[in-house]
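K.L.:
Right, I'll just put the structure down here and ask away after.
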Amino acid sequence: MASVIQYDKVRKIYNSGDDEVVALQEVSFSVGEGEFVTVVGRSGCGKTTLLKLTAGLLQPSGGAVQVAGAPVRGPLTNVGIVFQAPVLLAWRKAIDNVLLQVEARKLRVENYRKRALELLDLTGLKGFEERYPSELSGGMQQRVSISRALIHDPPLLLMDEPFGALDAITRDEMNLELLRIWHEAKKTVLFITHSIPEAVFLGDRVIVMTPRPGKVSEIVNIDLPRPRTTALRDEPKFISYVRQIRKSLGVR
Amino acid sequence: MNEGAYGGTPFGGIKWSVLFFLCLLVLWQLVVPFLGLPSYLLPTPAQIVEEFGKRGGLLMSQFLPTFYETILGFLLGVAVGVSAGLGIVYSRFLWLTIYPSLVVVGSIPRVAIAPLILIWLGIDSLWSKVTIAFLVAFFPMVINSIVGFSQVETEMLDLAKTMGMGRWMEFRKIRLPNSIPYLFAGFKASIALAVIGAVVAEFVAGQKGLGYLIVVANNDLNAPLIFASIIVLSAMSLGLFGIIVGLEKMLMPWRRGIQPSEL
Ligand SMILES: Nc1ncnc2c1ncn2[C@@H]1O[C@H](COP(=O)(O)OP(=O)(O)O)[C@@H](O)[C@H]1O
Ligand SMILES: [Mg+2]
């Protein structure tokens with residue numbers, strides 16, 4: 001399996017005033033093609049930093065990040081990104097927020113309108129295409145954001161706690177939808193979360209991170225059958241993975 | 001619905017408001033002769049209306065210069081304010097040098113410079129008064145355009161980079177539309193200030209305009225004419241403000257207006 005992302009002894013130090021914050025120290029692992037890798041850890045352990053390094057929005061202080069075999073030097077354009085906040089443009093309707101991705105790439109909007117509508121349908125927003133973000137719930141806004149990250153059909157999806165702001169029920173639903181989309185489109189996904197059950201439910205592998213300085217404390221292979229269903233959450237095996245990671249994170 | 005403590009929606013009650021002010025006018029009309037106040041102290045509404053009839057032409061001819069000064073001062077304020085805002089947002093040098101000192105500039109009482117400007121640019125020139133209106137009007141435009149062009153979520157700008165957007169497209173598709181509510185807040189503050197600037201300039205310059213008319217009427221102890229001038233000024237302010245609010249509603253179906261930032 002070819003690796004799409006490779007982290008090699010990645011370090012990231014922030015200078016804020018006189019203080020130095022070691023956000024990441026000696027982070028090494030790789031993500032294979034088509035793999036769904038989740039990263040879990042407390043807030044402040046460098047998860048967002050890792051994602052921004054991957055997307056080329058930050059440069060490492062040491063070590064190297066490679067995507068598709070090449071070192072990341074500037075912002076990657078062949079990715080889809082979803083942040084914790086939906087980050088939509090208030091003056092654009094749902095569909096036009098999705099199509100921003102197309103306009104930005106100077107592609108013909110007309111060729112992508114149908115696909116945008118399909119994605120909004122797939123993410124459960126049929127009938128809401130012409131609504132402004134202020135007229136949508138938080139969960140619906142995040143679905144727009146996911147559609148926007150998918151419309152240019154990127155091989156790599158980077159997601160930073162995308163469901164962190166949602167209620168537990170909507171979150172579980174979104175997990176299932178995301179797995180369905182991933183299964184259909186066969187993309188490589190790097191998914192960041194602070195929820196252990198979510199990391200286990202979604203991932204082929206879970207990267208467990210600990211803070212101060214941010215580093216990988218354990219990598220857990222999740223040997224659970226796919227497609228994953230809600231019932232899986234009650235399986236002893238699922239529960240034992242959750243327990244293992246909780247222990248690794250030092251949760252009492 | 002929005003209901004006050006005593007029920008009723010704020011705009012459903014507009015007829016009550018009108019009725020209330022009509023009663024006040026009637027009261028005013030009755031109380032002035034009752035107290036025996038001379039008209040140079042407080043004219044009655046009827047005397048003011050009469051003044052409009054007598055000197056409608058004069059009011060109109062003095063209204064036009066004030067109107068031009070206000071509009072030109074405002075437009076100049078918008079043009080310079082928005083350009084300065086763009087410069088400060090896009091130039092690191094200006095951001096570091098000028099932006100922090102703007103607060104100081106903002107706290108100078110700019111009408112106090114009016115006499116100087118009149119000396120420099122000439123008392124009888126239209127442009128000296130336009131300049132004063134401009135100086136007063138431009139400040140909220142700078143502040144609001146800086147905020148509008150720069151207050152964009154970092155994550156949105158990060159996304160734009162991964163979408164391959166260049167600077168120009170980022171401006172057109174993100175920063176410019178983002179600034180529109182702020183620009184309108186600036187327009188609203190600036191137009192009101194431009195009226196003040198124009199009138200103050202006319203107070204000092206004493207050549208023409210409603211400000212000048214007020215000074216003349218004051219010297220003649222003609223209070224009805226002062227009141228009539230103030231009413232014309234207020235109507236002008238209100239009309240210009242209304243045009244801006246109308247444009248705002250038309251251009252921004254996604255949100256209601258925000259309040260002007262004051263400094
Ligand atoms: N721009 C920055 N400047 C200074 N310190 C930062 C910056 N961004 C993040 N940090 C620090 O780096 C550490 C990791 O942050 P982050 O990657 O956001 O963690 P997470 O996403 O896991 O919560 C934190 O201690 C945070 O305070
Ligand atoms: Mg984070």
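K.L.:
How high is the relative contact order of chain A, in percent, with contacts defined as C-alpha pairs under 8 Å that are six or more residues apart? All intermediate terms of the calculation are to be shown ahead of the outcome.
P.N.:
Values: 491 pairs, mean separation 63.9, N = 252.
25 percent.
K.L.:
Amide H of A:GLY62: which non-local residues (sequence gap of 5 or more, or other chain) have their own amide H closer than 5 Å, using H built in the peptide plane?
P.N.:
A:ARG11
K.L.:
Related question: For peptide B:175-188, what's the mean number of Cβ atoms from other chains within 10 Å of each residue's Cβ? Before the final figure, lay out each step's value.
P.N.:
Numbers: counts 0, 0, 4, 3, 0, 1, 2, 0, 0, 0, 0, 0, 0, 0.
That average works out to 1.
K.L.:
Would you please give the residues with an amide H less than 5 Å from that of A:GLY56, counting only those at least 5 places away or on a separate chain, with H modeled from the backbone geometry?
P.N.:
A:LEU76
K.L.:
Could you check the spin-label model distance between A:TYR14 and A:LEU232? Points 7 Å from the Cα along Cα→Cβ, value in nm.
P.N.:
For the pair A:TYR14/A:LEU232, the computed spacing is 3.3 nm.
K.L.:
Would you mind working out the accessible area per residue for region A:88-153, using a 1.4 Å probe, and quoting it in Å²?
P.N.:
It amounts to 43 Å² per residue over region A:88-153.
K.L.:
Once you place label points 7 Å from the Cα toward the Cβ at A:LYS106 and B:LEU238, how far apart are they in nm?
P.N.:
In this crude label model, A:LYS106 to B:LEU238 measures out at 5.3 nm.
K.L.:
Based on the Cα atoms of region B:29-96, what semi-axes does the equivalent ellipsoid have, where each is the square root of 5 times one gyration tensor eigenvalue, given in whole Å with the largest first? Don't skip to the end; give the middle numbers.
P.N.:
Values: eigenvalues 467, 59, 10 Å².
Those come to 48, 17, 7 Å.
K.L.:
Kindly provide the helix-only [θ] at 222 nm of chain B, computed as the sum of -39,500 (n - 2.57) over DSSP H runs of four or more divided by all residues, to the nearest 500 deg cm²/dmol? Working shown, then result.
P.N.:
On the way: 10 runs with 199 residues, N = 263.
Per the formula, -26000 deg cm²/dmol.
K.L.:
Right, next: Under a straight-distance cross-link criterion of Cα-Cα below 30 Å, which lysines are reachable from B:LYS54, leaving out those fewer than 8 residues away in the same chain?
P.N.:
Filter leaves B:LYS129, B:LYS208.
K.L.:
Using alpha carbons only, what's the Rg to Rh ratio of chain A with Rh from Kirkwood?
P.N.:
Details: Rg = 18.1 Å, Rh = 18.8 Å.
For chain A, the value is 0.97.
K.L.:
With +1 assigned to the C-beta of every Lys and Arg and -1 to the C-beta of every Asp and Glu, and no other charges, what is the dipole magnitude of the protein assembly as shown about the Cα centre in debye, to the nearest 20? Let's see the in-between values first.
P.N.:
Values: 50 positive and 42 negative charges, 184 e Å.
Once rounded to the nearest 20, the dipole reads 880 debye.
K.L.:
Report ³J(HN,Hα) in whole Hz for each residue of region B:149-164, in order, from the Karplus equation J = 6.51 cos²θ - 1.76 cosθ + 1.60 where θ = phi - 60°; Gly and Pro get x.
P.N.:
Calculated HN-Hα couplings, in order: 7, 10, 7, 10, 4, 4, 5, 5, 5, 4, 4, 4, 5, 6, 8, x Hz.
K.L.:
Something else about it: So what are the ³J(HN,Hα) numbers for region A:116-125, from phi and the Karplus equation (6.51, -1.76, 1.60; θ = phi - 60°), rounded to whole Hz, Gly and Pro as x?
P.N.:
For region A:116-125, the Karplus curve yields 4, 5, 4, 5, 5, 5, 4, 8, x, 10 Hz.
K.L.:
Then there is this: Please compute, for peptide A:96-103, the average count of beta-carbon atoms on other protein chains lying within 10 Å of each residue's beta-carbon. Kindly include the intermediate steps, with their values, before the conclusion.
P.N.:
Numbers: counts 0, 0, 0, 0, 7, 5, 1, 5.
Across A:96-103, the average partner-chain Cβ count within 10 Å equals 2.
K.L.:
Go through region B:177-183 residue by residue and turn each phi into a ³J(HN,Hα) via Karplus (6.51, -1.76, 1.60, θ = phi - 60°); whole Hz please, and just put x for glycine and proline.
P.N.:
x, 4, 7, 4, x, 5, 4
K.L.:
Next question, about the same structure. Straight-line reach only, C-alpha to C-alpha below 18 angstrom: list the aspartates and glutamates that A:LYS52 could link to, leaving out same-chain residues fewer than 8 apart.
P.N.:
Within reach: A:ASP8, A:GLU26, A:ASP160, A:GLU161, B:GLU153, B:GLU155, B:ASP158.
K.L.:
From the square roots a ≥ b ≥ c of the eigenvalues of the alpha-carbon gyration tensor of region B:57-251, which class results: rounded (a/c under 1.5), prolate (a/b over b/c), or oblate? Please list the in-between numbers first.
P.N.:
Values: a/c = 3.39, a/b = 2.07, b/c = 1.64.
Prolate, since a/c reaches 1.5 and a/b exceeds b/c.
K.L.:
Using R₀ = 25 Å, calculate the FRET efficiency as 1/(1 + (r/R₀)^6) where r is the Cβ-Cβ separation of B:VAL103 and B:ALA79; round to 0.05. If you can, show how the numbers build up before the last one.
P.N.:
Working: r = 22 Å, r/R0 = 0.89.
Efficiency at R0 = 25 Å is approximately 0.65.
K.L.:
How much of the pair distance distribution for the protein assembly as shown lies past 45 Å, counting alpha-carbon pairs only, in percent?
P.N.:
The answer is 37 percent, as a whole percent.
K.L.:
Say a site is exposed when it is one of the chymotrypsin sites (Phe, Trp or Tyr not before Pro), sits in a DSSP loop, and has at most 12 other Cβ atoms within 10 Å; what is then the longest site-free stretch of chain B? Could you put the intermediate results ahead of the total?
P.N.:
Details: sites that count: B:TYR6, B:PHE11.
Here the longest segment lacking exposed loop sites spans B:12-263.
K.L.:
Would you calculate the separation in nanometres between label points at B:LEU22 and A:GLN244, each defined as 7 Å from the Cα along the Cα-to-beta-carbon direction?
P.N.:
Rounded to a tenth, the inter-label distance reads 8.3 nm.
K.L.:
For region B:57-251, what relative contact order do you get, as a whole percent, if you take Cα pairs closer than 8 Å and at least 6 residues apart?
P.N.:
Values: 240 pairs, mean separation 59.4, N = 195.
Once divided by the residue count of region B:57-251, the mean separation gives 30 percent.
K.L.:
Provide a whole-number value for the mean count of partner chain Cβ atoms within 10 Å of the Cβ atoms in peptide A:163-175.
P.N.:
Details: counts 0, 0, 0, 0, 0, 0, 0, 0, 0, 0, 0, 0, 0.
Across the residues of A:163-175, the mean count of other-chain Cβ atoms within 10 Å is 0.
K.L.:
Please provide three numbers in whole Å: the alpha-carbon extents of region A:88-153 along the principal axes, with the largest listed first.
P.N.:
Principal-axis extents of region A:88-153 (Cα, largest first): 29, 23, 17 Å.
K.L.:
Further question: Relative contact order, percent, of region A:1-121 when contacts are C-alpha pairs under 8 Å separated by at least 6 residues? It would help to have the intermediate numbers written out before the result.
P.N.:
Values: 154 pairs, mean separation 27.4, N = 121.
That works out to 23 percent.
The values are calculated or read from the model by the stated rules, or taken from the named source; none is laboratory data. As the structure is a prediction and not an experimental result, all values here were calculated from the model. Reconstructed Cβ throughout: ideal geometry from the backbone, glycine too, with neighbour counts over all protein chains shown. Just so you know, the surface numbers come from the protein's heavy atoms only, side chains and all, with ligands and any DNA or RNA stripped out. Shrake-Rupley method; radii C 1.70, N 1.55, O 1.52, S 1.80 Å.
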